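A.B. asks: Please read through the structure below; I'll follow up with questions.
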Ligand code: NAD
Ligand code: UDP
């Protein structure tokens with residue numbers, strides 16, 4: 001590819017779990033990648049294999065502060081994603097989502113860049129409609145412990161559509177459902193990472209509530225493919241579009257699968273259900289199938305098998321596999 005044909009692409013939150021996998025794909029496509037991160041939950045380890053590539057650059061920056069760059073596309077992923085991390089400093093979480101969106105949309109407007117927002121199934125809150133379609137407006141508590149994340153992401157979606165209508169910014173919004181895979185932070189408190197670490201250490205598996213709540217888990221490679229298709233899709237389809245794997249499992253089923261897969265001696269123990277924990281979650285992905293020709297191809301068993309090696313290497317203190 002000629003130098004002037006390369007796209008300059010900014011990935012905010014690029015040293016995080018999803019961001020680093022996205023950078024891998026974009027670097028391989030020979031684009032010029034600017035990876036921006038403040039390393040709150042992301043790590044240099046996630047992107048260390050990219051640091052010596054001539055088309056990869058790393059910027060340490062906090063998105064709560066403005067930033068001026070020349071870019072053609074922006075993937076806005078910066079925001080802590082696990083309840084433990086986003087509740088650590090809830091005010092900062094709101095600022096990252098809302099001020100981060102304002103700064104990135106302002107940049108997109110100035111330099112005429114296309115911009116994609118990593119939104120979330122959390123905009124549906126504890127959903128009264130099942131499975132969730134994009135036209136469902138959600139059931140979100142404005143003042144609970146999850147609100148900093150949920151409402152921050154909802155406000156970001158609003159800002160994206162206001163910049164789209166008011167300033168013709170070329171936007172894309174994806175609503176990501178629970179995603180897992182190598183490079184998940186081992187201490188992020190999310191269910192897949194917790195259960196793998198507990199199972200591999202033969203410690204008790206902590207199921208919150210009675211384990212009957214459901215989630216739908218998407219393997220990271222499928223998700224990244226969906227994000228890329230959305231960014232490169234039709235300009236007249238800004239979204240929002242659900243991206244996730246519709247396979248729905250109870251948390252108890254997930255615990256049993258991980259115990260089986262790891263051959264663990266762990267016992268399941270039950271702990272109190274956190275406040276406002278959604279009881280069910282399953283994406284309706286008909287819109288993604290229709291508009292993007294996308295659906296996941298890796299089921300939960302296959303994805304967990306791909307992920308176990310990464311957690312085994314972490315627990316044994318070796319260099320992470322797939323990391
Ligand atoms: P992650 O925590 O691994 O990645 C987030 C990245 O953003 C980290 O590298 C972190 O250091 C960085 N960051 C946080 N605050 C920042 C700030 N103020 N300035 C600059 N960088 C900052 O989480 P992830 O799972 O990779 O999630 C990436 C995005 O996808 C997030 O926006 C999240 O809300 C969204 N999402 C993820 C999931 C999922 O299941 N993984 C589901 C729904 C939505
Ligand atoms: N969960 C659990 N044990 C854990 C961590 C989480 O039972 O050690 C439950 C949690 O209560 C929720 C589900 O697993 O019902 C998914 O939690 P996670 O934090 O991964 O994602 P989110 O709630 O944001 O979907």
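Laboratory data are not the source of any read-out in this text; all were calculated from the coordinates shown. These figures come from a predicted structure and were not determined experimentally. No Cβ is skipped: glycine too gets one built from the backbone with ideal geometry, and neighbour counts run over all protein chains shown.
A.B. asks: Report every pair of residues separated by at least 6 positions or lying on different chains whose Cβ atoms are under 6 Å apart, first residue within region 202-220 and at positive phi, second within 16 Å of ligand 1 (Cβ to nearest atom) and not in a strand (DSSP E or B).
C.D. replies: Final answer for the pair search is 211/251.
A.B. asks: Taking into account only those residues within region 93-131 that are away from ligand 2 (no atom under 16 Å from the Cβ) and not in a helix (DSSP H, G or I), which is farthest from residue 229 (Cα to Cα)?
C.D. replies: In this case the residue turns out to be 128.
A.B. asks: I would also like to ask the following. Among the numbered conditions (1) in contact with a helix residue (DSSP H, G or I) (Cβ under 6 Å, 6 or more places away or on another chain); (2) within 13 Å of ligand 1 (Cβ to nearest atom), tell me where residue 121 comes up short.
C.D. replies: So residue 121 meets the others, but not (1).
A.B. asks: Working carefully through the options 205, 176, find the one that is within 30 Å of residue 302 (Cα to Cα), more than 10 Å from ligand 2 (Cβ to nearest atom) and surrounded by 20 or more Cβ atoms within 10 Å (Cβ to Cβ).
C.D. replies: Of 205, 176, the one residue that is within 30 Å of residue 302 (Cα to Cα), more than 10 Å from ligand 2 (Cβ to nearest atom) and surrounded by 20 or more Cβ atoms within 10 Å (Cβ to Cβ) is 176.
A.B. asks: Please determine whether any residue of region 46-69 is within 19 Å of the chain's Cα centre (by Cα), surrounded by 16 or more Cβ atoms within 10 Å (Cβ to Cβ) and within 16 Å of ligand 2 (Cβ to nearest atom).
C.D. replies: no
A.B. asks: For a quick check of your reading: which strands (runs of 3 or more DSSP E) sit entirely within region 187-245 and have at least 3 residues that are closer than 22 Å to residue 73 by Cβ and touching a strand residue (DSSP E or B) at 6+ places or on another chain (Cβ under 9 Å)?
C.D. replies: Where strands (runs of 3 or more DSSP E) fall fully within region 187-245 and carry at least 3 residues being closer than 22 Å to residue 73 by Cβ and touching a strand residue (DSSP E or B) at 6+ places or on another chain (Cβ under 9 Å), they are 241-243.
A.B. asks: Let me ask something else. With the structure loaded, tell me whether residue 237 is crowded, with 21+ Cβ neighbours inside 10 Å and away from ligand 2 (no atom under 15 Å from the Cβ) or whether it fails that test.
C.D. replies: no
A.B. asks: Which pairs do you get when a residue that is within 24 Å of residue 246 (Cβ to Cβ), found in region 162-184, comes within reach of a residue that is within 16 Å of ligand 2 (Cβ to nearest atom) and in a loop (DSSP other than H, G, I, E, B), reach meaning Cβ atoms under 6 angstrom, with the pair 6+ apart or on two chains?
C.D. replies: Pairs that qualify, where the first residue is within 24 Å of residue 246 (Cβ to Cβ) and the partner is within 16 Å of ligand 2 (Cβ to nearest atom) and in a loop (DSSP other than H, G, I, E, B), are 177/244; 178/217; 180/217.
A.B. asks: Could you grab me the full set of residues in region 249-273 that are touching a residue at least 40 places away in the same chain (Cβ under 8 Å) and within 21 Å of the chain's Cα centre (by Cα)?
C.D. replies: 249, 251, 254
A.B. asks: Still on this structure, I have one more. Counting only residues that are more than 16 Å from ligand 2 (Cβ to nearest atom) and assigned to a loop (DSSP other than H, G, I, E, B), which one in region 78-92 is surrounded by the most Cβ atoms within 10 Å (Cβ to Cβ)?
C.D. replies: It comes out as 78.
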